[in-house]
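The values are calculated or read from the model by the stated rules, or taken from the named source; none is laboratory data. Keep in mind it's a predicted model, so treat the numbers as computed, not measured. Cβ atoms come from the backbone with ideal geometry, glycine included; neighbour counts cover every protein chain shown.
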Amino acid sequence: MVIKNLFTAGGVVMWPLLGFSVLAVALIIERVVFWVRINRRQSRVVREVLNLYRLNNVVGVMDKLQQNTDLPLARIFLAALELEKPTPEEFRLALESEAQAEIPLLKRFQNIFETIIGLAPLLGLLGTVLGLIASFASLNIGDVGGTRTTNVTGGISEALTATASGLVVAIFTLLFANTFRGLYQRQIARIQEYGGQLELLYRRRCERGGEKSYTATK
């Protein structure tokens, strides 16, 4: 009953706001699952891969990476390590190219979040304006202080429901969007850190040994 009254007070804009809130919750759940999976496993997997690579256990490295292809850094490492005897420059370019390809996946739904954050308050304001127009339209100048004036006062209070609802949706979405943005920036820093470590190991091996590549051959 309370929800029904809320939608009646907020007017027609409450329906798109409901759609925005449902969409935001669904996307937030997807992103939470995505980032929890990465933060729970990726650092451990990458450290194990780097340790195996230091020991020149290429087979173990490839097996470990292929078992964790759902992780961004595993896919980035595979893109470079699957090359057949690349030069250090080719190795670096492979790492950088795959890292760039991972960015859209890490920033997924960010534009949708920004759209919801921008439009939800505006829809709420529109609902309030429409409610005020309807309230004042029922007011007669000669009836000041009468029952219709009371109705207008109540109508103004109800019309503000739309603005409050729009702000709630925007604030809720903004909180998670900023959290995901912070996780994205931290992930980019880790990609640069671990990618740099792998590249350094590869360059050192190329300088020490006679082979140009210590990656798996096809």
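For the stretch 38-51, indicate whether the set of residues that are in contact (Cβ under 8 Å) with a residue 24 or more places away in the chain and more than 23 Å from the chain's Cα centre (by Cα) is non-empty.
Within the stretch 38-51 (the criterion being in contact (Cβ under 8 Å) with a residue 24 or more places away in the chain and more than 23 Å from the chain's Cα centre (by Cα)), the answer is yes, since at least one residue qualifies.
If we scan the stretch 127-146, do we find a residue that is at pLDDT 95 or above and touching a Ser or Thr at 6+ places or on another chain (Cβ under 7 Å)?
No; the residues of the stretch 127-146 include none that is at pLDDT 95 or above and touching a Ser or Thr at 6+ places or on another chain (Cβ under 7 Å).
Sort through 20, 91 and tell me the only one that's surrounded by 15 or more Cβ atoms within 10 Å (Cβ to Cβ) and over 30 Å from residue 132 (Cα atoms).
Testing whether each residue is surrounded by 15 or more Cβ atoms within 10 Å (Cβ to Cβ) and over 30 Å from residue 132 (Cα atoms) leaves just 91.
Hey, can you tell me all the residues within the stretch 62-80 that are closer than 18 Å to residue 190 by Cβ and either hydrophobic (A, V, I, L, M, F, W, C) or surrounded by 18 or more Cβ atoms within 10 Å (Cβ to Cβ) (or both)?
Answer for the stretch 62-80, where residues must be closer than 18 Å to residue 190 by Cβ and either hydrophobic (A, V, I, L, M, F, W, C) or surrounded by 18 or more Cβ atoms within 10 Å (Cβ to Cβ) (or both): 64, 65, 68, 71, 72, 73, 74, 76, 77, 78, 79, 80.
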